[in-house]
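Every number in this text was worked out from the coordinates using simple rules, so none of it is lab data. Please read these numbers as outputs of a predicted model, since none were measured by experiment. Backbone-built Cβ (ideal geometry, glycine too); neighbour counts: all protein chains shown.
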Amino acid sequence: MSQPRKAPSLSATGMTKTFGSFTALGDVSIDVAAGSFHALLGENGAGKSTLVKCIMGFYSADKGKVTLDGKEIAIRSPRDARAHGIGMVYQHFTLVPCLTAAENLVISRADAPAVISWAKERKALDAFMETMPFRVPLDAQVSSLSAGEKQKLEILKLLYLDQRFMILDEPTSVLTPGEADEMLGLLHGMCDRGEITVLMISHKFREVKTFCDRFSVLRRGRLTGEGDAKLATVEEMSRMMIGDTEVRERAARTAQSGQKDVLELAGLCAEDDAGLSAIQGVNLKIKGGEIVGIAGVSGNGQSALVEVLAGQRPLSDGEITIRGELFTPKRGNFDRFKVFGLPEEPLKNATVPRMSVAENIAFRSFDKPPIASLGWWMSKGPMRSKAEELIARYRVKTTSPDAPIETLSGGNVQRAVLARELSGDVDVLIVANPCFGLDFASVADIRSQIMEARNRGAAVLLVSEDLDEILELADRVAVMSGGTISYVAPIEATDRNTIGQHMAGH
């Protein structure tokens with residue numbers, strides 16, 4: 001292999017990209033110093049992905065230039081970016097699961113031979129690994145590696161290809177807190193030694209404050225701020241991201257005493273679509289006026305558990321009881337037991353996209369007075385009036401109650417579903433990743449609504465892959481690992497590291 005490059009500096013100047021009449025990037029300039037760990041911040045739709053796709057050659061910018069170590073370079077395709085030593089680690093793994101780590105590295109080379117001499121390649125790989133600050137088992141099949149090892153292999157692949165300017169897209173979204181801190185710490189060390197330069201897209205302020213040197217913020221396709229990541233406060237970064245948008249204050253947690261168990265899961269077992277065990281022996285009790293947050297790395301049974309509770313996946317064993325009565329998840333029982341929920345991806349899982357906002361809000365009440373009469377006749381007037389009231393109360397931004405719900409933003413779809421699910425008397429609330437991909441104002445609003453339901457006495461099961469969300473909202477935390485609940489503790493009796501160890505299966 002040739003002499004490795006040193007960490008380069010990169011500047012993107014005056015980057016502009018339009019799609020029809022929509023300006024995704026408007027005259028954006030950022031400077032990433034050689035050997036720095038630079039954060040790129042912004043809400044969904046702010047232009048972060050468009051900017052890095054222009055740098056990587058997936059998009060061709062309408063205006064602007066990219067300079068590497070002070071020299072302007074032409075990037076017309078990802079191949080050009082790679083030739084200049086610019087690489088990217090994506091949110092989702094790009095490895096071939098059925099091949100070994102060594103095979104994934106070798107086939108990633110543009111000059112990989114048609115017939116591979118493994119004695120020669122293995123000698124070169126071993127020499128390469130000796131220069132790296134972390135290891136992965138080269139002979140292990142990728143499908144057998146942990147999420148942390150896969151992420152390390154993605155980074156090793158860039159270093160193996162001598163791509164010393166690394167763009168990381170939400171690199172810790174599939175990692176436990178311990179794995180995330182270890183990986184970012186190792187990368188930070190490589191930056192300090194001048195071996196690599198990192199531009200990281202992230203929404204986790206704790207990681208930005210801990211590991212990054214500088215940050216740049218995009219909002220609606222414009223650069224709205226930049227600065228020293230160690231000196232700037234989280235509040236200052238947040239304000240750059242959201243501007244003057246009014247953010248609702250979070251509901252205060254009210255003290256609860258003497259509450260009894262409302263929801264009990266006893267020995268729940270269910271299979272996945274392939275007939276293998278998805279959840280195994282899940283036991284949990286939740287009191288009224290309590291939020292229990294279920295933490296875990298994606299794929300450890302959380303989705304299957306929510307599907308079981310929603311009636312979308314059958315139980316193979318175990319039972320669900322509410323206030324001591326057996327609960328079978330069917331529409332009539334949801335009404336009788338006052339069970340409500342906000343599933344993950346509500347546009348897909350909790351709405352009919354082409355139906356109106358008013359019709360979607362009426363899903364729980366369309367067959368009851370005043371909307372229904374004589375048991376079957378539906379009146380649109382009362383349905384629309386109720387929708388207008390809830391749209392105002394829950395601050396749903398829509399052009400009209402008659403607009404298809406698919407025309408709303410993600411945050412407003414969430415608000416509309418919450419309006420439907422929380423506007424009545426709630427005994428049990430089941431919520432799954434309620435704020436994924438939403439803007440700050442929507443996150444604050446939705447978390448406040450969840451806390452208010454808890455304060456009114458509801459038993460709340462919160463399934464979230466965002467550990468910060470659980471630490472903020474939950475009274476107790478339960479960790480799912482390998483399809484079962486492996487750890488339960490009051491939130492004040494545990495910490496991030498302990499939770500992270502249990503998420504990793506230790």
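Brief remarks on what is shown
- Ordered by the number of other Cβ atoms lying within 10 Å of each residue's own Cβ, fewest first, Phe93, Phe37, Phe19 fall into the sequence Phe19, Phe93, Phe37.
- Burial ranking of peptide ranges 54-61, 176-183, 74-81 (average Cβ count within 10 Å, highest at the top): 176-183, 54-61, 74-81
- Given Lys338/Lys386; Lys53/Lys157; Lys287/Lys330; Lys157/Lys348; Lys152/Lys209, the pairs whose alpha carbons are separated by over 28 Å: Lys157/Lys348
- Distance from region 414-432 to region 98-112 (C-alpha centre basis), Å: 48 Å
- Antiparallel DSSP beta bridges within region 10-242, percent to nearest 5: 55 percent
- Of the residues Pro177, Gly26, Phe165, the one whose Cα sits farthest towards the positive end of the charge dipole of region 10-242 is Gly26 (charges of +1 on Lys and Arg Cβ, -1 on Asp and Glu Cβ, taken about the Cα centre).
- Put simply, region 1-149 fits an ellipsoid with semi-axes of 33, 18, 15 Å; these come from the alpha carbon gyration tensor as the roots of five times its eigenvalues, largest first.
- For Arg354 and Glu236, the difference between the fully extended length at 0.36 nm per residue and the C-alpha to C-alpha distance is 38.6 nm.
- When each of Lys65/Lys230; Lys260/Lys397; Lys48/Lys150 is checked by Cα-Cα distance, pairs over 32 Å: Lys260/Lys397
- The dipole here belongs to the chain: it is taken about the Cα centre, uses +1 on the Cβ of Lys and Arg and -1 on the Cβ of Asp and Glu, and is about 940 debye.
- Simple rule: put +1 on each Lys or Arg Cβ and -1 on each Asp or Glu Cβ in region 261-503, find the dipole, and look at Pro382, Val308, Leu342; the Cα lying farthest toward the positive end is Pro382.
- Inter-probe distance in nm under a simple model that places probes 7 Å from Cα toward Cβ, at Trp118 and Glu182: 2.7 nm
- Region 352-428: Cα Rg divided by the 2.2 N^0.38 Å rule of thumb: 1.05
- Once the Cα-Cα distance is subtracted from the 0.36 nm per residue extended length, the Lys368 to Ser486 segment shows a gain of 38.3 nm.
- Here region 254-301 and region 166-213 have alpha carbon centers that stand 32 Å from each other.
- By average C-beta atoms within 10 angstrom, highest first, the peptides 284-294, 132-142: 284-294, 132-142
- Cα centre as origin, Lys/Arg/Asp/Glu Cβ charges: region 10-242 dipole, Debye: 560 debye
- Were the residues from Lys71 through Cys98 laid out at 0.36 nm apart, the gain over their Cα-Cα distance would be 5.6 nm.
- Which of Lys17, Lys209 has the fewest Cβ neighbours within 10 Å, and the rest in rising order: Lys209, Lys17
- Between Ile196, Val460, Asn412, the Cα set farthest toward the positive side of the dipole of the chain (charges on each charged residue's Cβ, about the Cα centre) is that of Asn412.
- Rounded to the nearest 5, the antiparallel percentage of DSSP beta bridges internal to region 261-503 is 55%.
- With both labels modelled 7 Å from their Cα along Cα-to-Cβ, the Thr498 to Gln259 distance reads 2.1 nm.
- Cβ-defined net charge surrounding Gly293, 15 Å radius [Lys, Arg +1; Asp, Glu -1]: -3
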